[in-house]
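K.L.:
After the structure tokens below, expect a handful of questions from me.
The values are calculated or read from the model by the stated rules, or taken from the named source; none is laboratory data. Quantities reported herein were computed from a predicted structural model and do not represent experimental measurements. Cβ: placed from backbone, ideal geometry, glycine included. Neighbour counts: every protein chain shown.
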Amino acid sequence: MKEKVRGKKEIIVVAAMVLMIVLVTGYPYLKNGIGGYDKDLLYHLLRIEGIKDALLQGEFPVRIDENFFDGYGYGSPLFYPDLFFVIPAILRILGLSPSVTWKLFALLLTALASLSTYFCFKYIIRDWKYAVTGTMLLMLSQFYLADLMIRVGISEYLAFIFMPMLVAGIYDFFERDGKKVYLMGIALAGLVLSHTIMTFIGVIITVVIFVFMFLHPQKRKLFLEKERMGKLIQTAVLTVMGVSYYLFPMLEQMRATEYRFSTPWAHVGDYVQPLSVLFNPTGYFNYIAYVGIGVPLLLLLFCRVIYGKPKNKWADAFYFGGIFLFLMSTSLFPWRLLDNTIFNMLQFTYRLYPYALCFLILGICMILAEQSEKQQAKTIRFMVISLTIVFGIWQNYNVIREYTGLYNTDLSEQYIARNSNCVGKGEWLPVSLNEDVTELTASGLVLCEGEEVDTVRTQGTVEFKTVNGNITEYEVPFIYYKGYRAILTDENGELQELTVRESEHGLVEVLNETGHEGNVRVFYQETPIQKCTKWVSILTVIGIVVVQVLKMRKNSEKI
């Protein structure tokens, strides 16, 4: 009976927690409209519109966002995964406005991230009350609120759903029986399909932890357990297969031509923040994250001094690991030495904040949970949650008061279409491409030796007639990505494949080496690697679902 009452109480408290988090985080944009860095906001809205258009044409996965650059197309989905953006795209198809769609999607992500954090924290801490405390601390942290309202980093807080799963999966492998190692697989797959940089950091942290554990005499024996390692290897293989539809086509594109991400506009050492920002009572972003650890967490740092060394060594590992990651985000770490290394992918050192927060909060809550039998535990939890809510509201209040000019009240479909060149720094554009694409062929026509050729443009397709058999090169108003095809229909009605390559301007160039005249149709078609990996991913997911259903049926028959 007591367990049923306790279970009902937990459900009620968790539901209230999620509602509180959603209300506090969502209030500013529900009241004032969507705020933030306008170019990033428009870029993400254009991605949603691109998926909506593709779904209406019966295409998925999307390879080229055809609505960018007035129809020149942008290969964003080839480098920046769009799977979860199907949700807002469907809302757009159902007739919701871009603004309402964005708000509902943001509310959904916040609720899902809150639930994911709660269940993963509960699995690690083994105390649902401190899992609630930890979830409130993370989801109402200055970083999350500022990321949501000022940076509009929607892919980044999409990744918040999977970050706690990765930590829980690692913890299970080394501290429990290893039967939930699949959490690592789900987490890494989710991160890969959410945010590349969050994935990059997560993989590095995972590798560091595994190397450290392998060097640890007592933990090394875990690597010799066949069942545990078998599940780890199986999870790794299935994860790679599951995301192969995105991962391998991306690598294929990187080999095909040179893109701007290979010559970055910002190095990781360019915008390193001073140590003092960690103590800011409220925060915002401007390349450097002027976002602090947060007053509630700063006060809770002293719990380690007050209560001493915790019994669970992981509490200390999370606690000091979080502090170390925070310090790494500042000028105390020699980032300049890593400017020309793979770590330059970080761009900004505040990218470490989410993992720093997750680790530090876990460490603190695990330390406090060991004191839960003491009389003051309930008072401490109440004070922590109250302070978190108060400072969360204060953070939002300061955003509303100081950054009113950032709110965008005109997010109509027409406004988004007029700003179709908002791609941030254009990391996924060919290096040879002109900054202003429309200057190359302002009318969107095919060019032959600088002369315009009569052109028919439809959604994702360009058609034109060859000038004569002697002229062979045609520049087509599509930004070049591997996968474009050109089919010539000659006077006899026969079809011939023409050579497609990148022009000197970074556009699609068609070579009519056949010498035949006729109509040429240029369009994007999946490459063999894209087709193959798409089916690998589909069959992998179907296989996993079928196996799980059979297991559940078998277990139910035993009962």
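Conditions (1) within 29 Å of LEU45 (Cβ to Cβ); (2) surrounded by fewer than 21 Cβ atoms within 10 Å (Cβ to Cβ); (3) not hydrophobic (A, V, I, L, M, F, W, C), marked per residue:
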| site | (1), (2), (3) |
| --- | --- |
| ARG336 | no, yes, yes |
| ASN340 | no, yes, yes |
| ILE361 | no, no, no |
| ALA369 | no, no, no |
| LEU387 | no, yes, no |
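K.L.:
Sticking with this structure for a sec: Please enumerate the residues belonging to the range 55-84 that are among the aliphatic types (A, V, I, L, M), within 15 Å of GLY426 (Cα to Cα) and assigned to a loop (DSSP other than H, G, I, E, B). It would help to see each step written out before you state the result.
P.N.:
In the first step, residues of the range 55-84 are kept if they are among the aliphatic types (A, V, I, L, M); the result is 55-56, 62, 64, 78, 83.
Then keep just the ones that are within 15 Å of GLY426 (Cα to Cα); that gives 64, 78.
Within the range 55-84, ILE64 is the sole residue that qualifies.
K.L.:
Of all residues in the range 457-495 being part of a strand (DSSP E or B) and more than 26 Å from LEU429 (Cα to Cα), which is modelled with the lowest pLDDT? Break it down stepwise before answering.
P.N.:
Taking the range 457-495 as the starting set, the residues that turn out to be part of a strand (DSSP E or B) are 457-458, 461-465, 473-479, 484-490, 495.
Then keep just the ones that are more than 26 Å from LEU429 (Cα to Cα); that gives 465, 488-490, 495.
Numbers: LYS465: 91, LEU488: 93, THR489: 92, ASP490: 85, LEU495: 90.
Step by step, filter the range 457-495, then rank; the result is ASP490.
K.L.:
Then there's this: For the range 391-398, state whether one or more residues are in contact with a His (Cβ under 6 Å, 6 or more places away or on another chain) and either in contact (Cβ under 8 Å) with a residue 60 or more places away in the chain or surrounded by 14 or more Cβ atoms within 10 Å (Cβ to Cβ) (or both).
P.N.:
The answer is no; no qualifying residue exists.
K.L.:
Suppose we keep only residues that are touching a residue at least 40 places away in the same chain (Cβ under 8 Å) and β-branched (Val, Ile, Thr) within the range 468-487. Which one would you say is surrounded by the most Cβ atoms within 10 Å (Cβ to Cβ)?
P.N.:
VAL476
K.L.:
Ok, one more. Could you list, in sequence order, the residues of the range 362-380 that are among the β-branched types (Val, Ile, Thr) and over 36 Å from the mean Cα position of the chain (by Cα)?
P.N.:
Residue satisfying the conditions is THR379 alone.
K.L.:
So which residues in the range 181-204 are surrounded by fewer than 19 Cβ atoms within 10 Å (Cβ to Cβ) and under 20 Å from PHE318 (Cα atoms), if there are any at all?
P.N.:
Listed by number, the residues that qualify are PHE200, VAL203, ILE204.
K.L.:
Mind counting the residues in the range 72-110 that are within 14 Å of the chain's Cα centre (by Cα) and among the basic types (Lys, Arg)?
P.N.:
Qualifying residue count for the region: 0.
K.L.:
On the given criteria, is PHE143 part of a helix (DSSP H, G or I), under 21 Å from VAL384 (Cβ atoms) and of a type outside the set (Val, Ile, Thr)? Steps first, please.
P.N.:
Working: part of a helix (DSSP H, G or I): yes; under 21 Å from VAL384 (Cβ atoms): yes; of a type outside the set (Val, Ile, Thr): yes.
Yes, satisfied.
K.L.:
Could you pull out the residue among ALA113, ALA89, ALA106 that is at pLDDT 95 or above and within 23 Å of TYR355 (Cβ to Cβ)?
P.N.:
Values: ALA89 fails: within 23 Å of TYR355 (Cβ to Cβ); ALA106 fails: at pLDDT 95 or above.
Exactly one residue qualifies, and that residue is ALA113.
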